[in-house]
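Remarks on the structure that follows.
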Amino acid sequence: MDGLNNSVVSEFVLLGLSSSWETKVFLMLTFSLIYLGIILGNLFIFFLVIFDSHLHSPMYFFLANLSFIDMGVASTTVPKMIGDLLNEYKIISFQGCMTQICFIHIMGGVEMVLLIAMAFDRYMAICKPLHYLNIMNPKICVSFVITGWVIGVIHAMSQFAFIINLPFCGPNEVDSFYCDFPRIIKLACTDGVKFEFIIAANSGFMSMGTFFLLILSYVFILVTVWKRASGDLSKAFVTLSSHITVVVLFFTPCMFLYVWPFPTSSIDKYLFIADFAITPILNPIIYTLRNKDIKVSVKRLSKWGHYGRRC
């Protein structure tokens, strides 16, 4: 890959999150527990949806896919961040950095489409209940997921095509715990203004467009329910509150990094902890805390386990 962009930089140095040894140990233990929770929580949701036939509906199909993506997003950055916390030299190879960038943006694109699909699913369930099963058929659900992966790959490759040809011949320190287009472009031995604009236009437009589309869809759903139910919004708001929470947590760091001018401080790396660690561990909790179907499924699973032990 070095030959493709005539780069003399073979590795990047990640500056990480903190220089204090006590803070590093605390962060290592904290993020180790968080990552364990991400994997166990999302795996539980993923396999619960697969093996419980009562959860074979569009909403839980998208939720299982979201859990899979959350595990992938966290796994691209959190394990290395944990390992680097206790290492004096936090190094990532050029190839490893490019690979990490690609996976982050591919799965980020997939998650955006999944959130749109889940919003569309809730719109159909709340506003068009009689036509819900006809519209949200298995073919449509699978099409949403495939579309998400296609858009994610196109989104990542369209930016990767620019950065892979940039010359990297000097500084190689990245003020973050992961690689991403904005900070890597800053290290290129060329005027990166036009490339910054391309990245901001691509990721920024995608983030802002998806965010406002989702917020407008939730407002439309609430207005529709308000008109039909003579002002009773409580049930719809409870149903949508979890979705809105996830959307805000996911898109706030994205808009801060890609819509505003390119980073001149290290604030963005702390914000992106929300995307890589906080949101993936909260999703299973947020989507299941008030979900009766999941609670019933868990009770059913515990009964099966109790029955199995007795046999």
Where labels lie 7 Å past Cα in the beta-carbon direction, separation of D175 and S10 in nm: 2.8 nm
Value of Rg to Rh for the stretch 156-219 (Rh from inverse mean 1/r over Cα pairs, i.e. Kirkwood): 1.10
Overall Cα dimensions of the chain - principal axes, largest extent first, Å: 61, 49, 33
Given K139/K269; K139/K295; K90/K295; K80/K299; K128/K292, the pairs whose alpha carbons are separated by over 31 Å: K139/K269; K90/K295; K80/K299
Carbon + sulfur, % of accessible area of the chain - ligands and nucleic acids excluded, 1.4 Å: 70 percent
Principal-axis tilt of helix 205-228 within the chain, Cα atoms, nearest 10 degrees: 20 degrees
The chain - mean residue ellipticity at 222 nm from DSSP helices (-39,500 (n - 2.57) per run, n ≥ 4, rounded to 500): -24000 deg cm²/dmol
Gaussian network model of the chain, springs between alpha carbon atoms under 10 Å - residue of F168, F276, F26 with greatest fluctuation: F26
Backbone HN-Hα couplings from phi across the stretch 155-168 [Karplus 6.51/-1.76/1.60, Hz, Gly and Pro as x]: 4, 5, 5, 5, 8, 4, 4, 7, 6, 5, 9, 6, x, 10
Whichever aspartates and glutamates have a C-alpha closer than 19 Å to that of K186, once near sequence neighbours (fewer than 8 apart) are set aside: D2, E11, E173, D175, E196, D268
Additional length obtainable on full extension of the chain from T30 to I140, 0.36 nm per residue less Cα span: 35.6 nm
Estimated distance in nm for a label pair at M255 and S241, the labels positioned 7 Å out from Cα along Cα-to-Cβ: 2.2 nm
Label-point gap, in nm, between N87 and L271 - each point 7 angstrom along Cα→Cβ: 2.7 nm
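Based on the Kirkwood radius over alpha-carbon pairs, what value in µm²/s does the Stokes-Einstein equation return for the translational diffusion coefficient of the stretch 36-139 at 4 °C and 1.567 mPa s?
The Stokes-Einstein estimate is 82 µm²/s.
For V193 and L43, compute 0.36 nm times the residue count separating them, minus their Cα-Cα distance, and round to one decimal in nm.
Details: separation 150, 0.36 × 150 = 54.00 nm, distance 4.18 nm.
In short, 49.8 nm is gained.
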Radius, Kirkwood style, for the stretch 49-200 when every pair of distinct Cα atoms is counted (Å): 17.7 Å
For the chain: relative contact order, % (alpha-carbon pairs under 8 angstrom, 6 or more apart): 26 percent
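The values are calculated or read from the model by the stated rules, or taken from the named source; none is laboratory data. Because the structure is a prediction, the values reported are computed rather than measured. Cβ: placed from backbone, ideal geometry, glycine included. Neighbour counts: every protein chain shown. Note: accessible area is taken over every heavy atom of the protein model, side chains too, but ligands, DNA and RNA are not part of it. Shrake-Rupley method; radii C 1.70, N 1.55, O 1.52, S 1.80 Å.
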